[in-house]
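Heads up: the structure comes next, in structure tokens.
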Amino acid sequence: MAKDQIVWGILGAAKINDKVVVPMHNAPKCRVKGIASRSTEKAREAAAKYGLAVAYDSYEALLADPEIEAVYIPLPNHLHVEWTIRSVEAGKHVLCEKPISLNAQQVERLIAARNKSGRYIQEAFMVRTHPQWLKVRSLIDEGSIGELRAVTGGFTYHNTNEHNIRNQSELGGGGLLDIGCYPITTSRFAIGREPRRVVALVEQDPAFKVDRLGSVLMDFDGVQASFFYSTQTYPYQRMQFHGTKGRIEVEIPFNAPNDKPTRLLLSENASNGVATDRWLELPVCDQYGVAATTFAQAILSGGPQAIPLEDARANMRVIDAVFRSARSDAWETITEG
Ligand SMILES: NC(=O)c1ccc[n+]([C@@H]2O[C@H](COP(=O)([O-])OP(=O)(O)OC[C@H]3O[C@@H](n4cnc5c(N)ncnc54)[C@H](OP(=O)(O)O)[C@@H]3O)[C@@H](O)[C@H]2O)c1
């Protein structure tokens, strides 16, 4: 009988696991065997909390388990590249949390490791396989809002905890890598091509030495996409796509709920010329479960991935250019390399 399930292991008892691990374990084509922590006690607690069979007392012990086929990596950002490479060298496929690296150059190492090992590596941008984003893309492609001309968006929260990984520069903290990356990936996905240049205003937190507020304009040659992000303002998230004949608003673009439908507002002129607002509801789903199944399906079929590393590299190139623009006070071209 053809193999129809991927056995997963989790590296690190991270907070995000509360959202990911049970949906992954219950997702079609997936089973989570166990979780590893640097602390035996934390590994046992996490395995019990999520109902997993095995608690590994080191990341190395999990990677040495031949039954584990794929690894989910929710480590702090500065460890993503190192543990992704160690995992594929141990023969595992890898779904690694965003941002998959700290810059585009580091993705080259991942591409080399993927090509050498023949294993799949994917950045865990769960939004990219959520049906609401597939719908946004198809509405734009079908011309539902006419010609797309502008994108606006924002993603914020308020977190001044000095112990949080987001407020520690040496762990790859900062708002752009944590949340600014979402309006970038969803704009690129919905528009269907890469921006040519960016200009940005970025403010650093003087104590944490990480970016806490930023405004970014991306030039997609005919589409202007702007967004702001902050780690120190009232929580907010929204994305809007403005066309010549209509507009799409994504109500909860990034932290899509798993217990109620997600909604898109489609504003357009009816045939009688009167403006109408329609809410489109997408069926309830868990975006972390969908992402896990999509990745497992690619492994099982040997087919293409939803988000190949070349896409992750393109996203990191935009992030690199935003940081360059913040320093130069000028437009920065998206460069290869
Ligand atoms: N896709 C999403 O919706 C989403 C949401 C939130 C976060 N994320 C991403 O998920 C990752 C984890 O975020 P989180 O907030 O869950 O992090 P967290 O709670 O701080 O967990 C990170 C884990 O990494 C391990 N670790 C290893 N070395 C470490 C070090 N030097 N310092 C701190 N922790 C270390 C620890 O596990 P052990 O002690 O058990 O080894 C720790 O529990 C980040 O990359 C973040 O961007 C994604």
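The strands (runs of 3 or more DSSP E) found entirely in segment 205-289 that carry 1 or more residues being among the charged types (D, E, K, R) are 211-219, 232-243, 246-250, 262-269, 275-282. Note on segment 18-50: residues that are farther than 17 Å from residue 293 by Cβ and surrounded by fewer than 20 Cβ atoms within 10 Å (Cβ to Cβ) total 11.
Number of residues in segment 98-121 that are at negative phi and out of contact with any strand residue (DSSP E or B) (no Cβ under 6 Å at 6 or more places or on another chain) equals 16.
With 214, 246 as the choices, which residue is buried (at least 18 other Cβ atoms within 10 Å of the Cβ) and under 19 Å from the mean Cα position of the chain (by Cα)? One residue alone meets the criteria, 214.
The residues in segment 175-204 that are touching a strand residue (DSSP E or B) at 6+ places or on another chain (Cβ under 7 Å) and either free of Cβ contacts under 8 Å to residues at least 40 places away in the same chain or on the phi > 0 side of the Ramachandran plot (or both) can be counted, and the count is 2. Quick one: how many residues across segment 117-142 are more than 17 Å from the chain's Cα centre (by Cα), touching a residue at least 60 places away in the same chain (Cβ under 8 Å) and in a loop (DSSP other than H, G, I, E, B)? The total comes to 0. Could you tell me whether residue 95 is in contact with a Gly (Cβ under 6 Å, 6 or more places away or on another chain) and within 13 Å of the ligand (Cβ to nearest atom)? No. In segment 58-73, the qualifying residues are those that are near the ligand (Cβ under 10 Å from one of its atoms) and not in a strand (DSSP E or B), and the one that is farthest from the chain's Cα centre (by Cα) is 58.
Please verify whether segment 188-204 includes one or more residues that are in a helix (DSSP H, G or I) and either within 19 Å of residue 103 (Cα to Cα) or within 12 Å of the ligand (Cβ to nearest atom) (or both).
Within segment 188-204, the subset in a helix (DSSP H, G or I) is 188-191.
In the following step, the residues that additionally are either within 19 Å of residue 103 (Cα to Cα) or within 12 Å of the ligand (Cβ to nearest atom) (or both) were identified as 188.
Checking segment 188-204: at least one residue is in a helix (DSSP H, G or I) and either within 19 Å of residue 103 (Cα to Cα) or within 12 Å of the ligand (Cβ to nearest atom) (or both).
The condition (being under 24 Å from the mean Cα position of the chain (by Cα) and either more than 15 Å from the ligand (Cβ to nearest atom) or modelled with pLDDT under 95 (or both)) is satisfied by just one residue among 23, 28, 76: 28.
Annotation note: of 51, 12, the sole residue that is in contact (Cβ under 8 Å) with a residue 12 or more places away in the chain, near the ligand (Cβ under 10 Å from one of its atoms), small (Gly, Ala, Ser) and closer than 26 Å to residue 258 by Cα is 12.
The values are calculated or read from the model by the stated rules, or taken from the named source; none is laboratory data. Everything quoted here is computed from the prediction, not taken from an experiment. Glycine gets a Cβ as well: all are built from the backbone with ideal geometry, and neighbour counts include every protein chain shown.
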